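First the structure, in the form of structure tokens, and then the observations on it.
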């Protein structure tokens, strides 16, 4: 699929303005530029950056269209967090907090957020040092970061106070759910991914620990 054809389809499906589309172009250009010095994504996926990464991130907005306060854990290349911030840059009060422990990746996130005027706040921190109710997120998300059991452990303080989790997962999602159920009681649903027929998005709306 030609890169530009992929771009046009992704932007049309996302329904973003021309100005926001240009900012997403800036993100893609930055990703390719920084990839040469910092391995942000799998090199082979750069040829499919629009359909593999941008579309995969932007589909989350449709799952929580009214939410304006997002938290992205292990942001890395800003997928999905920074892309969500760019897509929501024209919405009042829209903010995304990006948590990333790698300082060089944080530099990429901060510079790209500046260039795109994205409402993103970058936290150069370990997740366990910042994941509490100080960040009043409506939605917490994480992509390709850790097994579901670990994600629930990190986000427990938030999920117990009304935050909803959106965790994109691949074909092993059922085994991750089975493993997580040994430690956690959680209310969830599995949502289809628009970008991968084998993938699912786990939406968690309540969480408690299994009695020991």
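The values are calculated or read from the model by the stated rules, or taken from the named source; none is laboratory data. Values in this document were obtained by computation on a predicted structure and should not be read as measured data. Glycine also receives a Cβ, built like all others from the backbone with ideal geometry; neighbour counts cover every protein chain displayed.
Things worth noting here:
- The sole residue among 117, 30, 59 that is surrounded by 18 or more Cβ atoms within 10 Å (Cβ to Cβ), touching a residue at least 40 places away in the same chain (Cβ under 8 Å), farther than 22 Å from residue 165 by Cα and out of contact with any strand residue (DSSP E or B) (no Cβ under 6 Å at 6 or more places or on another chain) is 30.
- Any chance residue 8 is in a helix (DSSP H, G or I), farther than 27 Å from residue 163 by Cβ, out of contact with any helix residue (DSSP H, G or I) (no Cβ under 7 Å at 6 or more places or on another chain) and modelled with pLDDT of 95 or more: no
- Where a residue in segment 193-206 is free of Cβ contacts under 8 Å to residues at least 24 places away in the same chain and its partner, wherever it lies, is surrounded by 17 or more Cβ atoms within 10 Å (Cβ to Cβ) and assigned to a strand (DSSP E or B), with Cβ under 7 Å and at least six apart: none
- Where strands (runs of 3 or more DSSP E) fall wholly inside segment 23-133, the ranges with 1 or more residues that are more than 18 Å from residue 158 (Cβ to Cβ) and under 16 Å from the mean Cα position of the chain (by Cα) are 120-124.
- Single match in 177, 152, 145, 166 (criterion: assigned to a loop (DSSP other than H, G, I, E, B) and either on the phi < 0 side of the Ramachandran plot or surrounded by 17 or more Cβ atoms within 10 Å (Cβ to Cβ) (or both)): 145
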